[in-house]
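This report refers to the structure that appears directly beneath it.
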Amino acid sequence: MGLDRRRRMSIIITRAGWILSTLLVWQLIVSTRRVSPLILPSLQAIGSSFWSSLITGDLVRYAGVSISLVLAGGLIGTLLAAVLAVAAYQSKFLAGGIDTLTAVAHPLPGIALLPLVILWSGTGITSVLVIIVHSVIWPMTINLRSGFSSVHQRYIDVGRNYGFSRLGIMLHIMIPASWSYMLAGLRIAWARSWRAVISAEMIFGVMGASGGLGWYIFQRRVFMDTAGMYAGIAVLIMIGLVIEDHLFRLLEHKTISRWGGRQ
Amino acid sequence: MNRMKDMTKVLLLIMVSLMLMIGCTRDTEGSVTIADQYGLAYAPLQIAKLQQLIEKRVPDAQVNWVQMANTAAIREAMVSGRVDVGFGAIPPFLIGWDHGMDWKIATGLSRSPLGLVTLDPELQSLRDFSAEDRIALPQPGSIQHMLLSMAAEEQLGSADALDTRIITLSHPDGVSALLSGSIQAHFTSPPYLFTELEQPGAHMLVSGTEAFGEPFSFIVGYASRACYDSKQKLYRACIEAVQEAVTFIEEHPGEAAQLLSQVYEMDQELILKYLTAEGMVYDTQVLGIRKFSEFMHSRGYIEEEPRSLEELFWD
């Protein structure tokens with residue numbers, strides 16, 4: 001516990017050190033006045049743009065829209081992936097189909113599908129959700145299936161001896177035992193869906209209430225508010241750091257390190 | 001301690017190389033980079049390119065043509081010094097000017113029919129849009145957005161009345177979205193406008209001219225100060241080339257259509273029909289800039305209003 005806390009502190013210190021020095025270099029370059037503020041605005045300008053969007057509640061709302069889209073899409077994608085993985089585990093015949101489907105769909109960037117998705121399901125939230133589900137479902141399916149196949153036959157035999165049904169074995173043995181794979185899948189799914197949602201929002205945003213962070217940045221871009229663009233990107237970075245560095249690490253610590261799922 | 005030293009070294013290295021990169025001027029005086037966008041309103045530029053009208057005037061010039069997806073991209077390329085002359089509509093130019101971009105308008109290029117098209121028979125005026133209806137246009141702050149705002153102000157009493165229904169789509173994506181029914185209306189320009197209007201049931205809810213109330217330039221050419229100051233010869237050659245191309249289309253529409261049919265990969269007859277369509281005018285005169293800047297200033301799209309036209313035009 002103490003060791004882990006020290007490790008986390010050291011991560012924070014390293015990150016803060018590098019970020020602060022980068023900002024220092026930034027400000028030094030700005031102060032030479034050789035670079036147009038339209039390319040590299042001063043930190044004060046970015047800070048005040050960040051602050052004014054923060055106190056009007058805009059930034060929080062935009063970030064909230066993007067994050068809740070990822071959560072909703074992530075949940076749907078994970079559930080669908082679980083269905084696919086279980087189906088593939090139970091039936092050799094289905095496994096072949098799911099294998100092929102994964103191989104075909106996994107390398108496809110969600111953004112490449114966007115024009116098609118607009119044709120199928122219009123330009124509303126549904127389309128963004130489709131793109132997120134696409135980003136989540138394939139890495140999750142792959143990871144869940146490797147998780148299932150990594151479960152030792154002995155555990156399954158023990159389950160049978162207890163008289164578990166197929167469903168019982170799935171719920172009590174397969175899923176808990178492959179948790180670390182699931183977590184790794186979630187990490188990939190998060191990274192992919194976060195990128196997808198921001199890019200999708202930048203390609204077709206909706207003005208007014210329902211835009212997300214990608215839309216926020218795009219809007220700053222078309223109105224040439226460079227400082228605002230950087231402020232939006234700063235928020236993306238903060239959210240990324242908090243989720244990757246802390247949320248997932250915490251989840252890992254609370255589960256795998258405690259249950260000892262990894263062999 | 002050692003780590004700190006390493007870090008300082010790395011940072012210094014980054015800083016120096018960044019400054020070197022930014023300080024570089026990429027162009028020589030003998031080359032000019034011109035950025036345009038896709039659409040029939042840019043036709044004179046294609047003619048100037050195909051007939052080498054700039055090279056004709058400055059024989060040793062290296063002329064680079066780039067096509068960009070929207071005016072924001074052209075603006076960014078011009079800020080970073082990668083593009084000398086860019087073509088687009090007046091509102092994005094004014095937004096750049098308002099943010100301190102050192103550029104001015106060099107020439108007009110075209111007037112064009114623009115309009116808000118719908119296929120929905122229920123929609124007969126701007127009043128008929130429900131809260132769920134979606135209107136697509138290229139981007140906020142674009143000429144399409146400003147014209148829609150003008151029409152909204154006139155017909156609905158407030159310039160941003162329709163803003164919550166706007167989604168941004170590129171012109172081609174907008175066409176497929178309109179045809180598939182996922183949006184209800186599309187503010188667009190030729191050839192997309194003509195394609196949409198040929199669909200059964202298509203009708204225009206508001207035209208550009210109705211919204212603006214008088215003729216206006218759709219596409220104009222802007223040049224950066226760097227180009228104007230240090231590449232005078234090429235700058236002049238560009239403007240004269242545009243003028244020559246405009247005259248060529250006017251005097252030889254058939255030949256122009258033949259040349260353009262390769263560029264746009266469209267049927268020659270169709271191009272000729274579009275080139276000579278009502279409202280499609282190639283003209284180096286710039287119209288409507290006063291009204292655009294007044295409107296954009298009063299609705300807060302630009303903070304400053306130009307005091308004189310000299311602030312906006314090179315000559």
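The values are calculated or read from the model by the stated rules, or taken from the named source; none is laboratory data. Every value quoted in this text rests on a predicted model; they were computed, and no experiment measured them. Here the Cβ positions follow ideal geometry from the backbone for every residue, glycine too, while neighbour counts run over all protein chains shown. The protein model used for the area step is the full one, side chains on, heavy atoms only, and it has no ligands, DNA or RNA in it. Shrake-Rupley method; radii C 1.70, N 1.55, O 1.52, S 1.80 Å.
Residues of region B:124-140 that are more than 11 Å from chain A (Cβ to nearest Cβ) and either acidic (D, E) or surrounded by fewer than 21 Cβ atoms within 10 Å (Cβ to Cβ) (or both): B:Q124, B:S125, B:L126, B:R127, B:D128, B:S130, B:D133.
Region B:201-264 holds helices (runs of 4 or more DSSP H) entirely within its bounds, and those carrying 1 or more residues that are closer than 20 Å to B:G39 by Cα and of a type in the set (A, V, I, L, M, F, W, C) map to B:232-251, B:253-264. Taking region B:224-238 as the range and being open to solvent by 40 Å² or more (accessible area, probe 1.4 Å) and among the hydrophobic types (A, V, I, L, M, F, W, C) as the test, only B:A226 passes.
Pairing residues of region B:92-112 that are on the phi > 0 side of the Ramachandran plot and open to solvent by 20 Å² or more (accessible area, probe 1.4 Å) with residues that are at pLDDT 95 or above and not polar (S, T, N, Q), at Cβ distances under 9 Å and at least 6 apart in sequence or on separate chains, gives no pairs at all.
Among the residues of region B:265-281, those that are in a loop (DSSP other than H, G, I, E, B) and hydrophobic (A, V, I, L, M, F, W, C) comprise B:M266, B:A277, B:M280. Once region A:144-173 is narrowed to residues that are open to solvent by 80 Å² or more (accessible area, probe 1.4 Å) and among the hydroxyl-bearing types (S, T, Y), the residue that is nearest to A:A184 (Cα to Cα) is A:S149. Evaluate region A:117-136: report whether one residue or more is under 18 Å from A:A87 (Cα atoms), without any contact (Cβ under 8 Å) to a residue 12 or more places away in the chain and among the small types (G, A, S). Looking through region A:117-136, none of the residues is under 18 Å from A:A87 (Cα atoms), without any contact (Cβ under 8 Å) to a residue 12 or more places away in the chain and among the small types (G, A, S). In region B:179-200, the qualifying residues are those that are open to solvent by 40 Å² or more (accessible area, probe 1.4 Å), in contact with a helix residue (DSSP H, G or I) (Cβ under 9 Å, 6 or more places away or on another chain) and not in a loop (DSSP other than H, G, I, E, B), and the one that is farthest from B:S142 (Cα to Cα) is B:S180.
May I ask you to list the residues in region B:165-178 that are open to solvent by 10 Å² or more (accessible area, probe 1.4 Å) and either within 9 Å of chain A (Cβ to nearest Cβ) or farther than 20 Å from B:T209 by Cα (or both)? Across region B:165-178, the qualifying residues are B:R165, B:S170, B:P172, B:D173, B:V175, B:S176. A count restricted to region A:1-32 and to residues that are within 13 Å of chain B (Cβ to nearest Cβ), within 30 Å of A:R249 (Cβ to Cβ) and open to solvent by less than 80 Å² (accessible area, probe 1.4 Å) stands at 10. Among the residues making up region A:203-217, a single one is surrounded by fewer than 24 Cβ atoms within 10 Å (Cβ to Cβ), modelled with pLDDT of 75 or more and facing chain B (nearest Cβ under 9 Å): A:I203.
Summed over region B:252-284, residues that are touching a Gly at 6+ places or on another chain (Cβ under 7 Å) and open to solvent by 50 Å² or more (accessible area, probe 1.4 Å) total 1. All conditions in (1) surrounded by 15 or more Cβ atoms within 10 Å (Cβ to Cβ); (2) under 26 Å from A:A200 (Cβ atoms) hold for A:S68, with the sole exception of (1).
Residue under question is B:F292, and the condition is that it be within 16 Å of B:L50 (Cβ to Cβ) and either open to solvent by less than 80 Å² (accessible area, probe 1.4 Å) or part of a helix (DSSP H, G or I) (or both); does it hold? No.
Going residue by residue through region B:155-171, is there one that turns out to be among the β-branched types (V, I, T), touching a Leu at 6+ places or on another chain (Cβ under 7 Å) and farther than 21 Å from B:I95 by Cα? Among the residues of region B:155-171, not one is among the β-branched types (V, I, T), touching a Leu at 6+ places or on another chain (Cβ under 7 Å) and farther than 21 Å from B:I95 by Cα, which makes the answer no. Does A:I55 satisfy the criteria of being on the phi < 0 side of the Ramachandran plot and touching a residue at least 12 places away in the same chain (Cβ under 8 Å)? Spelling it out, it is not the case that A:I55 is on the phi < 0 side of the Ramachandran plot and touching a residue at least 12 places away in the same chain (Cβ under 8 Å).
Among the conditions (1) open to solvent by 40 Å² or more (accessible area, probe 1.4 Å); (2) aliphatic (A, V, I, L, M); (3) modelled with pLDDT under 90, the only one that A:V35 does not satisfy is (1). Of the listed requirements (1) more than 24 Å from B:E240 (Cα to Cα); (2) within 12 Å of chain A (Cβ to nearest Cβ), B:W103 misses just one: (1).
Checked against (1) under 29 Å from A:M224 (Cβ atoms); (2) over 18 Å from the mean Cα position of the chain (by Cα); (3) surrounded by 17 or more Cβ atoms within 10 Å (Cβ to Cβ), B:M204 passes all but a single condition, namely (1).
Quick check, is B:L287 over 21 Å from the mean Cα position of the chain (by Cα), over 26 Å from B:A136 (Cβ atoms) and in the same structural domain as B:I95 (by TED's automatic domain parsing)? Judged against the criteria, B:L287 is not a match. Could you please let me know if A:A196 is in contact (Cβ under 8 Å) with a residue 40 or more places away in the chain, out of contact with any Phe, Trp or Tyr (no Cβ under 7 Å at 6 or more places or on another chain) and within 21 Å of A:T141 (Cα to Cα)? The answer is yes for A:A196. The set of residues in region A:38-50 that are open to solvent by less than 50 Å² (accessible area, probe 1.4 Å), within 11 Å of chain B (Cβ to nearest Cβ) and more than 20 Å from B:V10 (Cβ to Cβ) comprises A:L38, A:P41. Restricting region B:62-82 to residues that are within 10 Å of chain A (Cβ to nearest Cβ) and charged (D, E, K, R), the residue that is surrounded by the fewest Cβ atoms within 10 Å (Cβ to Cβ) is B:E76. Filtering region A:112-162 to residues that are within 14 Å of chain B (Cβ to nearest Cβ) and not aliphatic (A, V, I, L, M) leaves A:P115, A:W120, A:S121, A:G122, A:T123, A:G124, A:T126, A:S127.
Among the residues of region A:130-171, which ones are at pLDDT 90 or above and of a type in the set (K, R)? Selection gives A:R145 alone. Scanning region B:141-164 for residues that are at pLDDT 90 or above and at the interface with chain A (Cβ under 10 Å from one of its Cβ atoms) yields B:G141, B:S142, B:H145, B:L162. None of A:W179, A:W194 is open to solvent by 30 Å² or more (accessible area, probe 1.4 Å), more than 14 Å from every other protein chain (Cβ to nearest Cβ) and aromatic (F, W, Y) except A:W179.
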